[in-house]
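Data block below; observations after.
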């Protein structure tokens, strides 16, 4: 009988029996080792404007081949991609299986259409970090760019494996309170450490979705913007409007609150943008 295995990818450190999947539904115990169950299994692939990631200050006007798989290690009740992020392999009717080499070829073929590389996005990319690492290394060798869109809830050891190949990130800073992160199944401290390490190595932009009861307090934005400024006041912050999604039915964020939060953030930060307004 195979021994239990502990997943090293994120702070959950799921203890998995043989054949068992982790909370993310993308990693499992096979023969006593935790493996990436979504390796090379795509649910989405599209050539997107770079601004959609969102990245406002990284090769603006360009396009990037965006790919996603399934699974996530947070449980946000407002997730706009819950069909894939909250799903396991058996829940998805059609998966596109691909190797890093083939994905690199597709990315190269899209260069005439304005493509600059590959973005790992849609679901939480780091629950399948091995595929990100292997693909990103090939993309880098071809002179193209790698973009990671992530919730930042991953261990430093995992980040260190992919960071040498990543050119830019958009990191979701879901809120600026431990209580808020507890509601989502994560923790603020881990995400802040992830942001600090990433910002020291590549271009980073942050996104905070203003969700009722989680991230909509002005005093939290004061603390958040001050902390970001302590890392680098030039880090762009996207303050994004919430709309009802998934399990949340609260009405959309009030526009006047969005403007108030932007004013607060601009006291400390040089590049603050409103999204979904």
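The values are calculated or read from the model by the stated rules, or taken from the named source; none is laboratory data. All figures in this text were calculated on a predicted structure; none of them were measured in a lab. Cβ placement follows ideal geometry from the backbone for every residue including glycine, while neighbour counts extend to all protein chains displayed.
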query: Just a yes or no: is a residue in region 111-122 under 20 Å from residue 22 (Cβ atoms) and either in contact with a strand residue (DSSP E or B) (Cβ under 7 Å, 6 or more places away or on another chain) or at pLDDT below 95 (or both)?
result: yes
query: Just one of the numbered conditions (1) out of contact with any strand residue (DSSP E or B) (no Cβ under 9 Å at 6 or more places or on another chain); (2) surrounded by fewer than 15 Cβ atoms within 10 Å (Cβ to Cβ); (3) without any contact (Cβ under 8 Å) to a residue 24 or more places away in the chain; (4) more than 30 Å from residue 142 (Cβ to Cβ) is not true of residue 188; which one?
result: (2)
task: Kindly indicate the residue of region 71-86 that is touching a strand residue (DSSP E or B) at 6+ places or on another chain (Cβ under 7 Å) and buried (at least 19 other Cβ atoms within 10 Å of the Cβ) and also farthest from residue 208 (Cα to Cα) among those meeting that condition.
output: 84
query: Would you pick out the residues in region 26-36 that are assigned to a loop (DSSP other than H, G, I, E, B) and surrounded by fewer than 22 Cβ atoms within 10 Å (Cβ to Cβ)?
result: 31, 32
task: Using the structure shown, decide if residue 119 is farther than 14 Å from residue 66 by Cα, surrounded by 23 or more Cβ atoms within 10 Å (Cβ to Cβ) and within 14 Å of the chain's Cα centre (by Cα).
output: no
- prompt: Among the residues of region 1-24, how many are crowded, with 22+ Cβ neighbours inside 10 Å and either assigned to a loop (DSSP other than H, G, I, E, B) or touching a helix residue (DSSP H, G or I) at 6+ places or on another chain (Cβ under 9 Å) (or both)?
  reply: 5
field: region 39-55 - residue that is part of a loop (DSSP other than H, G, I, E, B) and under 16 Å from the mean Cα position of the chain (by Cα) and, of those, surrounded by the most Cβ atoms within 10 Å (Cβ to Cβ)
entry: 55
Options 232, 216: the member that is more than 23 Å from residue 121 (Cα to Cα), in contact with a strand residue (DSSP E or B) (Cβ under 7 Å, 6 or more places away or on another chain) and without any contact (Cβ under 8 Å) to a residue 60 or more places away in the chain: 216
Residue count for region 198-217, restricted to those that are surrounded by fewer than 19 Cβ atoms within 10 Å (Cβ to Cβ) and in contact with a helix residue (DSSP H, G or I) (Cβ under 6 Å, 6 or more places away or on another chain): 1
